[in-house]
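In what follows, a single structure is set out as structure tokens and then discussed.
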Amino acid sequence: MILDLLRLNSLLLGAGDRLVGHLGLTSARWQVMGAVAAAERPQPVAWLARDLGAHRQNVQRLVNDLEREGLVAFEANPHHRRAQLVVLTDKGRRAYDDAMRLQAPWMNGLSEGLALEDVAAVRRVTTLLRERLEGAEG
């Protein structure tokens, strides 16, 4: 099962890269932009990394790339001088929204014919495994 999940992850990342590549994005950049977009308020890179379950250094590299492309910007953090807050720019919001418009029909096609009970079971199992792994890290 774990090997199947790893292979699925690789296939999803490759498919995501192809889906949003013409927007100047990769799956990794899109994922980080999604974390920025989903946050209730601007967050520093360390918090985004935590939310993504990723290493801060990897997220920092991606955020720096996105900033160079004009897709995100840094804002002053009133609570921490060095940990700037990450926000989507107008250009970044448009790119993210364009990616999400492409994602909906793609995901609908992938999930066509799947029973809701099966999807719920997969979600329960993957959530449980993730929680156990996160607990083991702590």
- Selected residue (only one of GLU112, GLU117, GLU75 is loosely packed, with under 15 Cβ neighbours inside 10 Å and touching a Pro at 6+ places or on another chain (Cβ under 9 Å)): GLU75
- Item | Failed condition for SER10, given (1) under 22 Å from ASN108 (Cα atoms); (2) surrounded by 15 or more Cβ atoms within 10 Å (Cβ to Cβ) | (2)
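Each row is one residue, and each column tells you yes or no for (1) farther than 22 Å from ALA37 by Cβ; (2) hydroxyl-bearing (Ser, Thr, Tyr); (3) in contact with a Gly (Cβ under 9 Å, 6 or more places away or on another chain).
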position: LYS91; (1), (2), (3): no, no, yes
position: TYR96; (1), (2), (3): no, yes, yes
position: ALA99; (1), (2), (3): no, no, yes
position: VAL119; (1), (2), (3): yes, no, no
position: ARG123; (1), (2), (3): no, no, no
position: GLY135; (1), (2), (3): yes, no, no
- In the range 60-91, which residues are among the small types (Gly, Ala, Ser) and free of Cβ contacts under 8 Å to residues at least 12 places away in the same chain? ALA76
- Matching residues in the range 120-138 - criterion: being open to solvent by 70 Å² or more (accessible area, probe 1.4 Å) and free of Cβ contacts under 8 Å to residues at least 24 places away in the same chain: VAL122, ARG123, ARG124, LEU128, GLU131, ARG132, LEU133, ALA136, GLU137, GLY138
- Lone unmet requirement of (1) without any contact (Cβ under 8 Å) to a residue 12 or more places away in the chain; (2) of a type outside the set (Phe, Trp, Tyr); (3) within 25 Å of LEU110 (Cα to Cα) for GLN57: (3)
- What pairs come up if the first residue lies in the range 92-104 and is closer than 11 Å to GLY24 by Cβ, the second is part of a helix (DSSP H, G or I) and open to solvent by 40 Å² or more (accessible area, probe 1.4 Å), and their beta carbons are under 8 Å apart, counting only those six or more places apart or on different chains? ALA95/LEU23; ASP98/LEU23; ALA99/LEU23
- Query: Would you call LEU66 surrounded by 12 or more Cβ atoms within 10 Å (Cβ to Cβ), under 23 Å from LEU13 (Cβ atoms) and at pLDDT 95 or above?
  - Reply: yes
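The values are calculated or read from the model by the stated rules, or taken from the named source; none is laboratory data. Quantities reported herein were computed from a predicted structural model and do not represent experimental measurements. Please note: Cβ atoms are built from the backbone with ideal geometry, for glycine as well, and neighbour counts cover all protein chains shown. With ligands, DNA and RNA removed, areas are computed over all heavy atoms of the protein, side chains included. Shrake-Rupley method; radii C 1.70, N 1.55, O 1.52, S 1.80 Å.
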